[in-house]
Amino acid sequence: TLILRNGTYGDGTSTGKLSITKVACIAGNELIIHAENQRQAKINDDGSGKAVNIVDSAYIIVDGLYARSADVSGVKQGYPFFTNRNNHITLKNLVGRNPNRYNNTHVFAIENSTDVLIEGSEGYVFHRHCVEAWQSTRVTARQIYCNPRGGKIPGGFGLDKGPVGSGAAVVSMYPCQDCIQENTIGDGTTHPLFLNEMNATYGLSTPMTGSQVLGSICYKCNYANGIYINSRNTTGLNNTPQNIVVRDVAFIDHDTYGFTIRVSDGVNITLDHITGLSNPAVGSLQNGISTDDTVGKGTTAAVNSGTITNVIMSGYH
């Protein structure tokens, strides 16, 4: 067990950042790293690296840290929390802030990993995704609060995908097999974001199947689609979202040109107990739930299937 006392570590201080590489522990004998006092141990990255970096490791628990990066153009890094090629990682009670907004970076990046739990955590000042699950299996993001608080910046990354100030998804699955987003909150009070995106074909070795969005809320998810389940760019059943469940999800003040939930080329998609509340006086067009077939991507229309039950959509036009 490593206990970090109150204070600031990393770039700009006399200490290093937190980097764990090829540390293979076992169940019952995990490496535990935690703050002596929750969120009072703060780790800085100057925008050119990673504040907390876990690679090629197993059975690691990180608890109660605060990590932040910074905006620096011309470099390809800048992550508060980054994990890659790991298994059985637990991330909890964390605060992540300000991935480098000149790059395609995220607050909590989980890549090429299996059996990862992130819970009880918060993400702020992000332009891309709050939690990224990239080509991974059995990732659970539970009790996560995300607020972009300024999001995309002029000259930064992703302005082709949303306006200045916006963030992207609370949880992205690019793709993620048997993954769960549960009891999460996307807060777009000051700057918009969306709740979830599932892309089936970014990682062809990982099928976009068996994943769920449960018991989550998005307030003022005011650009793009609140949840977008899609095949993205490749044809064939294996490159199609399958066996997906979205249940007990609410969109409040959802006033956007996009859809509350859009399913493109999905197979066995379940949407159950969904609430969408919009204001028809805001903007020129708001949309509820849409299912469609994209020619040349995923399956054909004849193969697509889904079930929609217990839905309330109010104020859309």
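Within the range 225-249, restricting attention to residues that are open to solvent by less than 20 Å² (accessible area, probe 1.4 Å) and of a type in the set (A, V, I, L, M), the residue that is farthest from Thr291 (Cα to Cα) is Val249.
Strands (runs of 3 or more DSSP E) fully within the range 176-259 that include at least 3 residues being of a type in the set (A, V, I, L, M): 242-252.
Taken as a whole, the condition of being among the hydrophobic types (A, V, I, L, M, F, W, C) and either surrounded by fewer than 17 Cβ atoms within 10 Å (Cβ to Cβ) or closer than 20 Å to Ile144 by Cβ (or both) does not apply to Val55.
In this structure, does Ser73 turn out to be assigned to a loop (DSSP other than H, G, I, E, B), open to solvent by 60 Å² or more (accessible area, probe 1.4 Å) and at negative phi?
Numbers: assigned to a loop (DSSP other than H, G, I, E, B): yes; open to solvent by 60 Å² or more (accessible area, probe 1.4 Å): yes; at negative phi: yes.
So Ser73 fits the description; yes.
Sort out which residues of the range 147-161 are open to solvent by less than 30 Å² (accessible area, probe 1.4 Å) and either assigned to a strand (DSSP E or B) or on the phi > 0 side of the Ramachandran plot (or both), and write them in order of number. Passing the criteria: Asn147, Gly150, Gly151, Gly158.
Going through the range 287-312 one residue at a time, which ones are crowded, with 18+ Cβ neighbours inside 10 Å, assigned to a loop (DSSP other than H, G, I, E, B) and hydroxyl-bearing (Ser, Thr, Tyr)? If the condition is that a residue be crowded, with 18+ Cβ neighbours inside 10 Å, assigned to a loop (DSSP other than H, G, I, E, B) and hydroxyl-bearing (Ser, Thr, Tyr), then Thr299 is the only one that fits. Applying a threshold of 7 Å to beta carbon distances and a minimum spacing of six or more residues, or different chains, the list of pairs starting in the range 26-42 at a residue that is free of Cβ contacts under 8 Å to residues at least 24 places away in the same chain and ending at one that is surrounded by 12 or more Cβ atoms within 10 Å (Cβ to Cβ) is empty. Scanning the range 175-196 for residues that are open to solvent by 20 Å² or more (accessible area, probe 1.4 Å) and either touching a Phe, Trp or Tyr at 6+ places or on another chain (Cβ under 9 Å) or among the polar types (S, T, N, Q) (or both) yields Gln177, Asn183, Ile185, Asp187, Thr189, Thr190, Pro192.
Condition check for Thr13 on (1) part of a strand (DSSP E or B); (2) over 28 Å from Pro207 (Cβ atoms): one failure, at (1). Just name the residue that is nearest to Phe82 (Cα to Cα) out of those in the range 114-145 that are of a type in the set (Gly, Ala, Ser) and crowded, with 24+ Cβ neighbours inside 10 Å. Per the stated criteria, the residue is Ala133.
Considering Ile89, Ile144, Ile118, which residue is more than 17 Å from Ile54 (Cβ to Cβ), of a type in the set (Val, Ile, Thr) and either in contact (Cβ under 8 Å) with a residue 12 or more places away in the chain or not in a loop (DSSP other than H, G, I, E, B) (or both)? First the steps, then the outcome.
Working: Ile89 fails: more than 17 Å from Ile54 (Cβ to Cβ); Ile118 fails: more than 17 Å from Ile54 (Cβ to Cβ).
So the residue among Ile89, Ile144, Ile118 that is more than 17 Å from Ile54 (Cβ to Cβ), of a type in the set (Val, Ile, Thr) and either in contact (Cβ under 8 Å) with a residue 12 or more places away in the chain or not in a loop (DSSP other than H, G, I, E, B) (or both) is Ile144.
Within the range 257-269, identify whether any single residue is in contact (Cβ under 8 Å) with a residue 24 or more places away in the chain, among the aromatic types (Phe, Trp, Tyr), open to solvent by less than 50 Å² (accessible area, probe 1.4 Å) and closer than 25 Å to His127 by Cβ, and answer yes or no. No: the range 257-269 contains no residue that is in contact (Cβ under 8 Å) with a residue 24 or more places away in the chain, among the aromatic types (Phe, Trp, Tyr), open to solvent by less than 50 Å² (accessible area, probe 1.4 Å) and closer than 25 Å to His127 by Cβ. Test Thr275 against the criterion of being over 21 Å from Asp178 (Cα atoms), open to solvent by 40 Å² or more (accessible area, probe 1.4 Å) and outside any loop (DSSP other than H, G, I, E, B), and give yes or no. Judged against the criteria, Thr275 is a match.
The values are calculated or read from the model by the stated rules, or taken from the named source; none is laboratory data. Here the structure is a predicted model, which is why all the values come from computation and not from measurement. Note: ideal-geometry Cβ built from the backbone for every residue, glycine included; neighbour counts use all protein chains shown. Only protein heavy atoms, including side chains, enter the accessible area calculation; ligands, DNA and RNA are left aside. Shrake-Rupley method; radii C 1.70, N 1.55, O 1.52, S 1.80 Å.
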